[in-house]
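Inspection log for the structure reproduced underneath, given as structure tokens.
The values are calculated or read from the model by the stated rules, or taken from the named source; none is laboratory data. Keep in mind that this is a model prediction, so the values were computed, not measured. We place every Cβ from the backbone using ideal geometry, glycine too, and count neighbours over all the protein chains shown. What goes into the accessible areas is simple: the full protein's heavy atoms, side chains included, and nothing from ligands, DNA or RNA. Shrake-Rupley method; radii C 1.70, N 1.55, O 1.52, S 1.80 Å.
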Amino acid sequence: MEKNKINNLELGSIIYFISRAFLLSVTFNAVIKYTKQDSWYIPILNIIPGIIFIFFLISLMNYEPNLPLTEKLKKLFNNKISNIMLISSVLFASFLGIVNYLNLGNFIQSQFLSNTPILAISIMFSIATYYVLSKGINAITRASTIFLYINIVLFLLSFISLIPQFRISNLMPFFNSSVKDNFNSLLNFYAFNITPIFMISIIPKSSIKNPKLKKTLLISFIFSAITLFIMIFSTISTFGYELSILYEYPEFHVLKNISIGGLSSRIESILVIQLLFDVFISHVIIIYFIANIIASIFKIKKMNLLYFIIITIFVIGVSLFSRFNIYIDNILINGIPLISSIFTIILDSIIFIKIKTSKKLVN
């Protein structure tokens, strides 16, 4: 039914949140480490590989628009190969989901609830995650759209209020990073802020009302990249990279410099909601992606039970991995981006080539 379809704005809002989610702690820490005061231009440089990735995604979503991702891959490849691809995607998404939740738990515990265990924080957000998932994709996209409006207001409020704090001298000397450092920053950004967009492919094109994929995906991604550029630029130009690298969450602490209407006490606690929405919506989509693939492979009908099981596994995973935060941070910055990028580039290339060759055979 037409009324049950999601619209282009709702689809775009999901891309916006997914492509911003890992800035908190993961991407920001990586680009500061490698490119220091030059980190501000990394989101802009990544627009080019991001657009290339989105064109692949458009090609995939346009292929057999009535079929979900699982059935598309089964039509392109035999069952064995398609299942390997799907299970690999589930494992990759599961890793992102645990990292996402772990970052959220660490952030809330360290900045707001120091005496609260990460397990309790994870359970609290898991209840909200399960509730949204249990209402279906329409509820997910509607919530995403509402959060998008709130995010934009908070983002503009934060940016405008920080302008008087900007010091261009904190960005100098310009373009002082080596090619290797720029590559490492770009790799981290690609791995955590671009490749997760693949998960929207779980939504069939036929379930989108009057789909305008090219326009929606490009505008939402570029808009997201611009906001990330502004966030990194604002933080470094306010703190300088030396101070930014000392903070665990510089993108949050910079908000403490904001004063609105003469009020500055704890205003950052309101403005930081935009970062929490990024993590929350992306986490909901990650679980939705994993659950739908597992349900398709193993012919599971009880989706709410599957959501509950996946969320429970994530909560247990977060509780276990939280003991190894230092090691995980090093792996995220130094090892995972290269592995993740190679995996997704190979997988996407194989799928893209197969789609093009299958179209030629049909014609």
Listed residue (LEU76, ASN29, THR195) projecting farthest to the positive dipole end of the chain, Cβ model: LEU76
Reduced Cα scattering model of the chain, Debye log10 I(q)/I(0), q = 0.08, 0.14, 0.15 Å⁻¹: -0.39, -1.22, -1.40
Between segment 13-76 and segment 126-192, the alpha-carbon center distance in angstrom: 13
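Once you order the gyration tensor axes a ≥ b ≥ c over the Cα atoms, which shape class does segment 25-144 get: rounded for a/c under 1.5, otherwise prolate or oblate by comparing a/b with b/c? Intermediate results must be reported in sequence, preceding the final value.
Details: a/c = 2.13, a/b = 1.29, b/c = 1.65.
Verdict is oblate for segment 25-144.
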Charge context of VAL132, other residues only, Cβ under 14 angstrom, K/R +1, D/E -1: +1
CD proxy at 222 nm, helix term only [per DSSP H run n ≥ 4: -39500 (n - 2.57); per residue of the chain; nearest 500]: -23500 deg cm²/dmol
Probe 1.4 Å - accessible area at LEU148, Å² to nearest ten: 20
List VAL179, VAL318, VAL132, VAL153, ordered by accessible area with a 1.4 Å probe, largest first: VAL179, VAL153, VAL132, VAL318
Degrees between helix 273-298 axis and first principal axis of the chain (Cα, 0 to 90, nearest 10): 20
Proximal lysines to LYS36, defined as alpha-carbon separation beneath 21 angstrom and excluding residues fewer than eight positions away on the same chain: LYS180
Computed accessible area, ASP348, all protein chains, 1.4 angstrom probe, square angstrom: 20
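Taking a ≥ b ≥ c as the square roots of the eigenvalues of the Cα gyration tensor of segment 149-219, is the shape rounded (a/c under 1.5), prolate (a/b larger than b/c) or oblate?
Details: a/c = 3.46, a/b = 1.48, b/c = 2.34.
Since a/c reaches 1.5 but b/c is at least a/b, the shape of segment 149-219 is classed as oblate.
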Cα centre as origin, Lys/Arg/Asp/Glu Cβ charges: the chain dipole, Debye: 1420
Angle in degrees between helix 79-111 and the longest Cα principal axis of the chain, rounded to the nearest 10: 20
Principal-axis tilt of helix 336-362 within the chain, Cα atoms, nearest 10 degrees: 30
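Filter LYS205/LYS302; LYS205/LYS356; LYS72/LYS354; LYS214/LYS356; LYS135/LYS299 down to the pairs with a C-alpha to C-alpha distance above 22 Å, please.
Working: LYS205/LYS302 24 Å; LYS205/LYS356 18 Å; LYS72/LYS354 11 Å; LYS214/LYS356 18 Å; LYS135/LYS299 20 Å.
Listed pairs above 22 Å: LYS205/LYS302.
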Residue-count net charge about TYR16 - beta-carbon cut-off 12 Å; Lys, Arg +1, Asp, Glu -1: -1
Rg(Cα) / (2.2 N^0.38 Å) computed for segment 170-258, rounded to two decimals: 1.42
Environment charge at LYS74 (Cβ cut-off 14 Å; Lys +1, Arg +1, Asp -1, Glu -1): +3
Accessible surface, 1.4 Å probe, highest first, among residues PHE28, PHE77, PHE175: PHE175, PHE77, PHE28
